[in-house]
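> Would you mind keeping the following structure in view while I ask a few things?
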Amino acid sequence: MEHQVKQLAKLLLDGQDREAKELIQQYQKEDSILAIYEKLITPAMYYIGELWENNEISVADEHLATAVCDMILTELSQEKTKNVTIDKKVMLLGLEEEQHYIGLRMVATVFKHEGWDVRYLGPNLPLNHMLSFIRKWKPEVVGISIALPYRLPKLIEYIEAIVQLEDEPEMLIGGRMANKVLSLDASKSDKVHVVMSLRQLQDWIVTGNIKYSEEGEKDSNATT
Ligand code: B12
């Protein structure tokens with residue numbers, strides 16, 4: 001798969017959206033959308049991050065690749081979904097000042113494909129606006145993405161504010177920093193579920209449980 005990941009990264013960096021979509025379509029025939037997100041698109045974006053970090057590509061190159069990736073995700077999100085509707089609502093957001101949102105968009109599609117009512121509010125949502133939306137829309141689940149280590153204190157603020165709500169929703173915390181969240185006291189609440197991958201997310205949606213691979217990590221049971 002490594003070869004295909006690099007191939008996809010190159011197409012994204014070259015702005016070749018049609019070719020990138022064709023490459024993805026070859027795998028769509030054999031694999032689920034979830035596997036394509038995790039085995040192909042996510043590692044391609046991570047690889048682009050490495051090239052960027054090593055100054056092998058410019059900021060403009062990385063912006064172009066992200067824009068093409070975003071476009072492809074829009075198309076993929078509109079493809080066949082299970083013909084079921086579940087009477088459950090999930091709201092998805094990135095913390096204030098967070099700009100990374102590609103992962104969150106994948107999460108939105110996974111929920112949609114499982115028949116949930118999804119409100120994707122994107123990145124950079126201030127705490128007070130998140131709280132008023134929760135009070136108004138009353139989602140069963142709030143999903144928050146965290147990509148950068150220095151935003152962990154902000155995440156704690158968001159979690160603590162949600163826990164104070166009368167009908168507090170379940171919280172799903174994911175993103176590059178998810179593994180760091182597991183050690184925070186704020187993640188010990190029964191309502192907080194730290195999710196390491198889309199596969200784990202789907203398991204949680206279907207079974208209400210998350211299985212962590214390493215022993216000693218938190219057991220998680222959902223009540224929704
Ligand atoms: C594209 C990109 C950007 C774009 C983002 C645009 C956008 N629309 O998202 C822009 C240019 C804005 C950007 C800015 C910055 N970035 Co940036 N960025 C990236 C890059 C290359 C790709 C991000 C991405 O799309 N990844 C692919 C997605 C699919 O992966 P993911 O988010 O991890 O999501 C997966 C899971 O985590 C999960 N998930 C994610 N969220 C959630 C939520 C829930 C609820 C669940 C269940 C699951 C889940 O789902 C996905 C499934 O595979 C990464 C490299 C990397 N390794 O990710 C750097 C990277 C994250 N950025 C980095 C940095 C440093 C920055 C900046 C600080 C740079 C700067 N000096 O300005 C700023 C910070 C901006 C801000 N205020 O937030 C560093 C972070 C290093 C670190 N310390 O951790 C990285 C790792 C690059 C690097 N190698 O140095 N970035």
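The values are calculated or read from the model by the stated rules, or taken from the named source; none is laboratory data. Model, not experiment: these values are computed from the prediction. Cβ atoms come from the backbone with ideal geometry, glycine included; neighbour counts cover every protein chain shown. SASA here: full protein model, heavy atoms, side chains in, ligands and nucleic acids out. Shrake-Rupley method; radii C 1.70, N 1.55, O 1.52, S 1.80 Å.
> As an exercise: evaluate Val84 against (1) modelled with pLDDT of 95 or more; (2) open to solvent by 70 Å² or more (accessible area, probe 1.4 Å); (3) β-branched (Val, Ile, Thr) and give the number of the one condition it does not meet.
In the conditions (1) modelled with pLDDT of 95 or more; (2) open to solvent by 70 Å² or more (accessible area, probe 1.4 Å); (3) β-branched (Val, Ile, Thr), Val84 misses (1) alone.
> Among the residues of region 177-187, is any over 26 Å from Met45 (Cβ atoms) and open to solvent by 40 Å² or more (accessible area, probe 1.4 Å)?
Among the residues of region 177-187, at least one is over 26 Å from Met45 (Cβ atoms) and open to solvent by 40 Å² or more (accessible area, probe 1.4 Å), which makes the answer yes.
> Select the strands (runs of 3 or more DSSP E) contained entirely in region 105-224, then report the ones holding at least 3 residues which are touching a residue at least 24 places away in the same chain (Cβ under 8 Å) and under 28 Å from Thr74 (Cα atoms).
Fully inside region 105-224 and qualifying: 117-120, 141-145, 170-174.
> Taking the condition of being over 16 Å from Gln200 (Cα atoms) and within 14 Å of the chain's Cα centre (by Cα), how many residues in region 143-187 meet it?
3
> Please verify whether region 129-151 includes one or more residues that are surrounded by 15 or more Cβ atoms within 10 Å (Cβ to Cβ), closer than 22 Å to Leu40 by Cα and in contact with a strand residue (DSSP E or B) (Cβ under 6 Å, 6 or more places away or on another chain).
Yes: one or more hits.
> Let me ask something else about it. Give me a count of the residues in region 95-104 that are crowded, with 20+ Cβ neighbours inside 10 Å and more than 8 Å from the ligand (Cβ to nearest atom).
1
> Go through region 41-92 and give me each residue that's part of a helix (DSSP H, G or I), more than 10 Å from the ligand (Cβ to nearest atom) and under 21 Å from Gln26 (Cα atoms).
The answer is Val68, Met71, Ile72, Thr74, Glu75, Leu76, Ser77.
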